[in-house]
Structures are given as C-alpha cells and as structure tokens.
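Below is one structure, written out as structure tokens, with a few remarks after it.
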Amino acid sequence: MQLSSLSPTTDSLTAFEAQALLLQDPRPYPQDEALHQLGHALMNEVLDLLTETALEDFSGLVCEALIGAFHSAAGRIERDADKARDTLGGLVRDFDGSEILDVEIQEATRRARAADVATLALEIIRDAAAASYTTSTGEVWNPWKGSVRASRTTAAQIGARDALRAGKAHKHAGAFPGATIVAFRAAPQADTAEDAGRIFDALNWAHGQWPDMALATSGAKGAEKLAIKWANQKRVTLVLAKADFDRNGRAAPFRANDEMLELDPVCVLTLANSINPNRAADLKPFGPALNLAQKAGERGLRHHPVKARA
C-alpha cells in the first residue's frame, strides 16, 4: 500500500501514516506496521544469532547498541528539523511578498515536516526493537545518554541533569508534563515475584495519588528495572539519575540520590532488601536505598518504604 494514494480522511491511518500523507511526496512511505515488524525482526535476528554462542555474554551490549543506533539517528534528524524550523522562522519574519521568499518558505516547511516524519519512523523502529529486547531478555533498554520522548509504546525518558537544567530555565513543564516527581530507590536483589508484586502495588498507589507523576530512579538492575517496566507499561515519564562511576567513583550511587532529591519529589519510595525472606537472609540491605530514605527524612519529605503484605 502506498500512503501517497490514500485519502486524508481514511479512518484506518495511524499517526505516522497521517503525517506522512500530509507531505504529499510522490514516493510511498512504509506502513506503520512494517516499521514495527522491522524493529522486532532486527532484534530477534540478533538475539537468535548470539544466544548459546560464545558471544552470548556480550549480547546485551550488542542489542542495546542496535537500539541506540536508531535512537541516535532519530535525534540527529530531529535536530535537522529544528534547524529547518529556525530557518523557516527567519524567512517568515523577513517575508516581503516576493515569489522567491515564498518558494523558500515552502521548501523549509517541507524539510521540517519530512524530518519530523523520518524521526517518528525511526522512533517506531527503536521502540519495537526495545520491546522485543525486553520480551526476550527481561532487560529494559535505556539510552546511554540523552533523553527519549514519549511515544505510543514507551514512556518518555529524561536525564535528571536535563530535567534540572530545564527547571532552572523555567521550562519544567516542557521537560516532563506535570513535573510531579516520585523517587524510587531499591535493592538489586529485590527482583523476585514477591518483590515485583509489592513494587507494582506501591507504584500504582503513587500513580493514584499523583496521576501526573514522573518516576525518578537510577535505573539500576533488579528492582529499579522492574519499576522502569512499570513506567513503560503505564506510559509514565521516567527521569533517570544514573550513577556516574567514571566521575564519582564509589560515591556515584549516592550522588544519584542527590540528583533525585534536587528534583523536589513529593514522595520517596524505597526497598532496601528483598521481600523474599530467603533472598534477604543472604544479602545486606542496599546502602543507596537506605541513604535516600535517610536524606528524605532529613528534608522532611514524604517517605514510604515498600513492605511485605501484612
């Protein structure tokens, strides 16, 4: 099916297909479904190739690099679209009614819209690949740097430093709508079925209290990965305060806590050890979760430790 041949009133068009149709490009755009299939197929092909081979130990890195490549390309094209809009703004301001400027305005508009559609196409492929990665491995992809805007299949993901900069620039709401932050810190070993159930209960409670919430977490393995899965399912914005070990060394997890607290959370949720007694007995409580709880108390913030069902 060639999108250029469709009527703009066709009810079955997706958001991507509708935007592509408005460009009136004589060349067809791929269908939304085909972009999803490409993302799933690429990821599944990589996983099938690497699984049960000597490269299996590095499969996570390879898969995340593949997803990241689409993310990076989408970001680059989006920046091109922003440049085209800047050019368009200047042309509109200087418009004197001449035919030459009118043609230039039309061309700048076309470039900006075409870049927007291309960005959306790559985001669809990225999100489909990320979804297959999670389904196959249980891991959740996060960008190594930068942010991910919301789509139909994933939550927006914003770096804590980006969010803080946006707040200082009085663009808080633009960075993450509502800007009601709930912080979550939990132990890597808290990844059992019992832990997942209580973590989801706590996050659902928080979402009920603050429907416009954004979830701040460091994205560490275990319980915090479970929280990220919840956010993706609920399409709740993520603010990631990643531990920067290269810069901060052993203090990195605690500096990540400080970044979360700078976001002025309305509530802090912590889980310092697994709710499963067998798992908890073998491991010490997670220091960064205890640290965040302590700092929240010192600041008078609302704190709720995640506990086992009574």
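The values are calculated or read from the model by the stated rules, or taken from the named source; none is laboratory data. Since this is a predicted model, take the numbers as computed values, not measurements. Methodologically, a virtual Cβ is constructed for each residue, glycine included, from the backbone with ideal geometry; neighbour enumeration extends over all protein chains shown. Protein only, heavy atoms only, side chains kept; ligands, DNA and RNA dropped before computing areas. Shrake-Rupley method; radii C 1.70, N 1.55, O 1.52, S 1.80 Å.
Checking every residue in the range 180-187 against the condition of being charged (D, E, K, R) and at pLDDT 90 or above gives at least one match.
Scanning the range 41-74 for residues that are over 13 Å from ILE125 (Cα atoms) and either in contact with a strand residue (DSSP E or B) (Cβ under 9 Å, 6 or more places away or on another chain) or open to solvent by 70 Å² or more (accessible area, probe 1.4 Å) (or both) returns GLU45, ASP48, LEU49, GLU52, ALA54, LEU55, GLU56, ASP57, PHE58, LEU61. When residues in the range 262-298 are screened for being open to solvent by 40 Å² or more (accessible area, probe 1.4 Å) and touching a helix residue (DSSP H, G or I) at 6+ places or on another chain (Cβ under 7 Å), 2 of them pass. Within the range 57-73, residues that are among the polar types (S, T, N, Q) sit with their Cβ atoms under 6 Å from residues that are surrounded by fewer than 19 Cβ atoms within 10 Å (Cβ to Cβ) and part of a helix (DSSP H, G or I), at 6+ positions apart or across chains, in these pairs: SER59/LEU50. In the condition set (1) surrounded by fewer than 17 Cβ atoms within 10 Å (Cβ to Cβ); (2) in contact (Cβ under 8 Å) with a residue 60 or more places away in the chain, LEU38 is compliant with all but (1).
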